[in-house]
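What follows is a single structure, written as structure tokens, with notes after it.
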Amino acid sequence: MSPTPQLPSKPGKIIAVHVAFESRAAQRGRRPKQPSYFMKATSSLAASGGEAVLPAGCELMAFEGEIALVVGKQARRVPLADAWSYVSHVTASNDLGIYDYRAQDKGSNTRSKSRDGYTPLGPQLIDARTVTPEELRIRTWVNGELAQEGGTSQEDLIFPLAQFVADLSQHMTLEPGDIILTGTPAGSTVIKPGDVVEIEVDAPNAPGAPTSGKLTTTVVAGTESFDEALGMLPYIDDKQREEAWGSRAEAGLPEDSNAIPARLREMLMAAPTAGLSAQLRNRGLNQVVIEGVHPQTPGTKMVGVAKTLRFLPGREDLFKKYGGGFNAQKQAFDSVKPGEVLVVEARSESGSGTLGDVLALRAKHLGAAGVVTDGGIRDYAAVKEIGLPVFGQVAHPAVLGRKHVPWEMDVAIGCGNATVIPGDVIVGDDDGVIVIPREIAEEVAIAALKKEHEDEWVAARVAEGNPVDGLFPPVGKWKEEFTAWLQDNPYPVPGVMNNRTHD
């Protein structure tokens, strides 16, 4: 009688597939043409019944129920037709990860997925010779409720399981005991401390209906956090929230991916454009100020997502053809969505109006967050009374056709010597208007609020009569005093769980 096979405890390598299931690809909205992989540390292996620790300061741990292939014999450049024979056993695995480090890892998943205990495996092995690679099933339960179910037929998988063995063996020698994690079906989502995840791989239609048994893992809260002096800190944005939860709705985000979530809007409303501009400069972005515009009403704060409108220089024949009727200008003002800022390219030509009271009234009624124009404003007093945040150059009584032809909307434009792409974040106050690339808006807002918090402390010290040398910014003893003060006066970053993200 042959001995009972044992789960690998110290494999030479663990290789995981990024996306392999059709359902997962459909959920993510992108389908790979070829397999892609990442490595997991062998120290991340854990047995059934163990705990997975969510580090302090992190919030997005997600499970991924996966079929694990155990390599049974050395494989080097094996053909696809023979690849399955190099698999000795099949079992269940949980490819756990924290999305708080996913963006920093840039696809390597080193910090997000290689933590100790983040690759539970088992509890039992299925002999690969007793099943075909097309008849396996993977199921995941969270707190007793079915969360994932997928098969390995041609309809379920983008790539057959054997292809991973054949493909990887082109690039490296697979050794006995190596583990290949073969991707997860749709249904992966965020789990929290106290949740219990169970995963089972079986072949219900194979002789004897072999099964891996249920692989069980309990999520617990950790107390250890990360040292800022040693490396990157956890950071999440709406993209990572959506990916971790599986959908914008599950993540509590607005269905319109272009809309600014309330949390980010609150931060941007609190952050001055001067501070935001400084943080953009720190990231190498200098041409982000829409020059020459100011708020109609002093004290106005405007935050929104860019919708764009472009005017061409005036030309009589073109204006005759494109300036009348329901032209691009009217279409833009008539289609603005709640929370959008209509940004108008008028080439800094203020010799005629680019909006008036009727269009401003329409934008206000539709919920626009504001209008920015590097041209003139007609019906200036009436527009001001409407109460819509409007940033522009000057008042001008002339109608549009004197200097401009309304041409197109929802395209990249140049307004006030700044490039504006539809979807950019627009912020305006008494200092002017700036453009923030959407993907870094949250990072920039957090950093600006933290710097503002520091500057308020510095201003208080200057008001006490201290010189600015060594204080602005604080260094030496002043840095020590500021750090001590922070213990009782933490950074006020609204709506963000981890206040220690990017400086």
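Taking every alpha-carbon pair in the stretch 286-436 and binning the separations at 5 Å intervals from zero gives 2, 12, 22, 27, 23, 11, 4, 1, 0 percent. Multiplying each eigenvalue of the alpha-carbon gyration tensor of the stretch 222-294 by 5 and taking the square root yields semi-axes of 27, 22, 11 Å, largest first, rounded to whole angstroms. For the pair the stretch 448-473 and the stretch 183-235, the centres of their Cα atoms are 46 angstrom apart. Ordered by 1.4 Å accessible area with all protein chains kept, TYR101, TYR380 run largest first as TYR380, TYR101.
Taking all Cα pairs closer than 8 Å and separated by 6 or more residues, the relative contact order of the chain comes to 15 percent. Helix 161-171 and the longest principal axis of the C-alpha atoms of the chain enclose an angle of approximately 80°. Note on the chain: with neighbouring protein chains present and a 1.4 Å probe, carbon and sulfur make up 52 percent of its accessible heavy-atom surface.
Taking every DSSP helix (H) stretch of at least 4 residues in the chain, weighting each as -39,500 (n - 2.57) and dividing the sum by the residue count yields a mean residue ellipticity at 222 nm of -7000 deg cm²/dmol. Accessible surface for the stretch 443-488, divided over its residues, is 56 Å² per residue with a 1.4 Å probe.
Dimensions of the stretch 174-314 from C-alpha coordinates, computed as largest minus smallest value along each principal axis and given longest first, are 79, 45, 35 Å. Remark: spin-label model distance GLU316-VAL394 equals 2.6 nm, labels positioned 7 Å along the Cα→Cβ axis.
Going by accessible surface with a 1.4 Å probe and the largest first, SER112, SER9 read SER9, SER112.
One Cα centroid belongs to the stretch 283-344, the other to the stretch 30-66; the line between them spans 45 Å. Using alpha carbons only, the radius of gyration of the stretch 30-86 set against its Kirkwood radius gives Rg/Rh = 1.05.
Computed over the chain, the Cα gyration tensor eigenvalues convert (square root of 5λ each) into semi-axes of 54, 30, 18 Å, ordered from largest to smallest.
Note on the stretch 14-245: along the principal axes its Cα atoms extend 49, 38, 32 Å, ordered by decreasing extent. Per residue, the stretch 254-363 exposes 46 Å² of solvent-accessible protein surface, assessed with a 1.4 angstrom probe and all protein chains in place.
Distances between placed amide hydrogens fall under 5 Å for GLU340 paired with VAL305, ALA369, all partners being 5 or more residues away or on another chain.
The values are calculated or read from the model by the stated rules, or taken from the named source; none is laboratory data. Predicted model only: the values in this text are computed from it and were never measured. Cβ coordinates were reconstructed from backbone atoms using ideal geometry, including for glycine residues, and neighbour counts include every protein chain displayed. The protein model used for the area step is the full one, side chains on, heavy atoms only, and it has no ligands, DNA or RNA in it. Shrake-Rupley method; radii C 1.70, N 1.55, O 1.52, S 1.80 Å.
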